[in-house]
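To keep things clear, I will list the structure first and then write my remarks on it.
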Amino acid sequence: ITTINNQTASITNGSLAGRLDQYQKGWNKIKAAVDTASSTLNTIISTCSQQTGSAQAGAAIMSAQTALSSVVAPAYSEVLAADAVIAQAQSLMNSAATDSTTRPTFDDMTYAVQQSAATGNARANPDGSLNVYGGTMLDRMNLVSANAAQLQAACYPNANVPSGG
């Protein structure tokens, strides 16, 4: 929380262009983490699907599918909503009708900056699982990616994970 407070302390409720810049930077970091988490989870599903009859592979697939729907999809929905706000703000930039209530507002921008901070405070329950909570959105996506990479090895318990996946 100290890291987040330090990052947001320097933010001011300035012009739409300034708010938009910070907002877009925050959401770009989150989108990259969401894309990585999604790709890693889809790789698990694809790779483990090739291991027919393996209970470990089945459990890995189920965990990956659950994480995609319960962790990654909601984050992706927020990214899409942010993209819409960004597009609208960019179209309003040349309008005289913009003020501090035009989205992204100061609160929108602060949320994006806070959620894009890497605090390392996300946790998994149980450890190593894809059931993540806490921290920032960026933390949660990074932890899903890290734990998913480890989970993929469960599809190949007696060998190395194939390269490229």
Contacts under 6 angstrom Cβ, first residue in the stretch 75-91 being assigned to a helix (DSSP H, G or I), partner among the hydrophobic types (A, V, I, L, M, F, W, C) and surrounded by 13 or more Cβ atoms within 10 Å (Cβ to Cβ), 6 or more apart: A75/V34; A75/M137; Y76/V34; V79/V34; A82/W27; A89/L20
Selection count where residues are in a loop (DSSP other than H, G, I, E, B) and within 13 Å of G26 (Cβ to Cβ), scope the stretch 133-144: 1
Could you please let me know if L130 is under 18 Å from the mean Cα position of the chain (by Cα) and either assigned to a loop (DSSP other than H, G, I, E, B) or over 25 Å from R19 (Cα atoms) (or both)? yes
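Hey, does the stretch 47-56 have a residue that's assigned to a helix (DSSP H, G or I), touching a residue at least 24 places away in the same chain (Cβ under 8 Å) and touching a Leu at 6+ places or on another chain (Cβ under 7 Å)?
no
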Can you name the residue in the stretch 39-59 that is hydrophobic (A, V, I, L, M, F, W, C) and more than 22 Å from the chain's Cα centre (by Cα) and, of all such residues, is farthest from T105 (Cα to Cα)? A55
Any idea which residue in the stretch 85-103 is farthest from K31 (Cα to Cα), counting only those that are at pLDDT below 90 and crowded, with 17+ Cβ neighbours inside 10 Å? T98
With (1) touching a helix residue (DSSP H, G or I) at 6+ places or on another chain (Cβ under 6 Å); (2) modelled with pLDDT under 95; (3) surrounded by 13 or more Cβ atoms within 10 Å (Cβ to Cβ) as the list, and A112 as the residue in question, which single condition is left unmet? (2)
Out of all the residues in the stretch 21-38, which are within 12 Å of the chain's Cα centre (by Cα) and not charged (D, E, K, R)? G26, W27, N28, I30, A32, A33, V34, T36, A37, S38
Please list, ordered by first then second residue, the pairs with beta carbon atoms under 8 Å, 6 or more apart or interchain, first in the stretch 95-119 and assigned to a loop (DSSP other than H, G, I, E, B), second aromatic (F, W, Y) and modelled with pLDDT of 80 or more. S100/F106; P104/Y23; S116/W27
For the subset of the stretch 4-17 comprising residues that are surrounded by 14 or more Cβ atoms within 10 Å (Cβ to Cβ) and in a helix (DSSP H, G or I), which member is modelled with the highest pLDDT? L16
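Among the listed residues A37, A60, which satisfies the condition of being touching a Cys at 6+ places or on another chain (Cβ under 8 Å), of a type outside the set (V, I, T) and over 30 Å from T101 (Cβ atoms)?
Testing whether each residue is touching a Cys at 6+ places or on another chain (Cβ under 8 Å), of a type outside the set (V, I, T) and over 30 Å from T101 (Cβ atoms) leaves just A60.
The values are calculated or read from the model by the stated rules, or taken from the named source; none is laboratory data. Fair warning: this is a prediction, and the values are worked out from it, not measured in the lab. Note that we place each Cβ from the backbone using ideal geometry, even for glycine, and neighbour counts take in every protein chain shown.
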